[in-house]
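The values are calculated or read from the model by the stated rules, or taken from the named source; none is laboratory data. For clarity, every value in this text was computed on a predicted model and none was experimentally measured. Note that each Cβ is placed from the backbone with ideal geometry, even for glycine, and that neighbours are counted across all protein chains shown. Just so you know, the surface numbers come from the protein's heavy atoms only, side chains and all, with ligands and any DNA or RNA stripped out. Shrake-Rupley method; radii C 1.70, N 1.55, O 1.52, S 1.80 Å.
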Amino acid sequence: IVPYQIGVRNVVASLGTALTPVQAQLIARFARKVVVNYDGDRAGVQAAKRAIETILAEDLEVKVLVLPDNADPDDFIRQYGAIEYQKRRGEAQPHIQFVIDQAVRDRNLHSPSDKAAAVEEALPFVRAVRSRIQKREYFDIAMDALRVQPEQRRELWQRIRSDASTDAKSVQELIRRSPMSRPTVAEENLLELLLANKELRKIVLPRLEAADYENLASASIFRALVSLDKEDQDVGFDSLSAANRGRSARG
């Protein structure tokens, strides 16, 4: 009611119930683009995710507006006014970006199990897209954001195309058996500095804990550096290789 009063005329409410396929079909009679704007709390986010799948089934373009401080449209408009609401509405996220943001929240993409869970959460919103071209575009966007490797992507895409299972177990097995991701630029830069600067190693390495690097692609190098530092040995290619082999043998 409040958005309508401030001039947002093309607006409907699902009246506290989950958006249904019949409602989505009615929306498709009047619009080709939909902005979903539920409450910003956890329940509202989950409702928005359910609505996205339902709307995508009608071949509509979906964007999502999540207002700050868990506000609903009524609260936000009363506090910030119509102009700010319209501005936010114009900046609504494409549905796939909203889905990705939710999938990576509180997850570490260097962890195979966390990455598998994020992929599993995002894939239904790719699968629901009806257009083959758009489906592939959204798939690539999601895979880039979730740092999925090419060999993993090929199998996941084949499963989506054939409508095969992409449940938690199958996705996790795929992520775990594929090579670990390449080191990030930040990892590479830090390692270069540590390898080149003995004084920096003396400052940084004693402060590192295993949890800081165990889920990184470069974990084995960090482990070797920490081991050499504790034993006060010189750092070089040979000593790093020997330390890494020694830890592997003990493991």
Would a scan of the stretch 53-66 turn up a residue that is within 27 Å of the chain's Cα centre (by Cα), more than 16 Å from Ala128 (Cα to Cα) and modelled with pLDDT under 90?
-> yes
Scope the stretch 30-54; condition touching a strand residue (DSSP E or B) at 6+ places or on another chain (Cβ under 7 Å) and open to solvent by 80 Å² or more (accessible area, probe 1.4 Å); matching residues | Arg32, Lys33
Those residues of the stretch 80-111 which are aromatic (Phe, Trp, Tyr) and free of Cβ contacts under 8 Å to residues at least 24 places away in the same chain amount to Tyr80
Under 6 Å between Cβ atoms, at least 6 apart or on separate chains: pull out the pairs that start in the stretch 4-29 with a residue that is exposed (fewer than 11 other Cβ atoms within 10 Å of the Cβ) and in a loop (DSSP other than H, G, I, E, B) and end on any residue that is hydroxyl-bearing (Ser, Thr, Tyr) and at pLDDT below 90.
-> none
Filter the stretch 68-88 down to residues that are hydrophobic (A, V, I, L, M, F, W, C) and at pLDDT 90 or above and give me whichever is surrounded by the fewest Cβ atoms within 10 Å (Cβ to Cβ).
-> Ile83
Looking at Leu195, Leu200, Leu205, which is the one that is in contact with a Gly (Cβ under 9 Å, 6 or more places away or on another chain), surrounded by fewer than 18 Cβ atoms within 10 Å (Cβ to Cβ) and part of a helix (DSSP H, G or I)?
-> Leu195
Is there a residue in the stretch 173-190 that is under 19 Å from Leu109 (Cβ atoms), in a helix (DSSP H, G or I), at pLDDT 85 or above and more than 20 Å from the chain's Cα centre (by Cα)?
-> yes
Being in a helix (DSSP H, G or I), basic (Lys, Arg) and either within 18 Å of Asp101 (Cβ to Cβ) or over 22 Å from the mean Cα position of the chain (by Cα) (or both), is that true of even one residue in the stretch 40-48?
-> yes
Residues being in contact (Cβ under 8 Å) with a residue 24 or more places away in the chain and more than 20 Å from Val2 (Cα to Cα): count how many of those fall in the stretch 31-46.
-> 4
Please determine, by comparing only the residues of the stretch 112-129 that are of a type outside the set (Asp, Glu) and free of Cβ contacts under 8 Å to residues at least 40 places away in the same chain, which one is nearest to Gly44 (Cα to Cα).
-> Ala122
Taking the stretch 122-142 and keeping residues in a helix (DSSP H, G or I) and either open to solvent by less than 40 Å² (accessible area, probe 1.4 Å) or under 27 Å from Val2 (Cα atoms) (or both) leaves Ala122, Leu123, Phe125, Val126, Lys135, Phe139, Ala142
Of all residues in the stretch 72-87, which are acidic (Asp, Glu), within 18 Å of Ala48 (Cβ to Cβ) and not in a loop (DSSP other than H, G, I, E, B)?
-> Asp74, Asp75
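Residue-by-condition table, conditions (1) modelled with pLDDT under 80; (2) touching a Leu at 6+ places or on another chain (Cβ under 7 Å):
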site: Arg132; (1), (2): no, no
site: Glu137; (1), (2): no, no
site: Asp140; (1), (2): no, no
site: Met143; (1), (2): no, no
site: Arg153; (1), (2): no, no
site: Glu192; (1), (2): no, no
site: Pro206; (1), (2): no, no
site: Ala224; (1), (2): no, yes
site: Asp238; (1), (2): yes, no
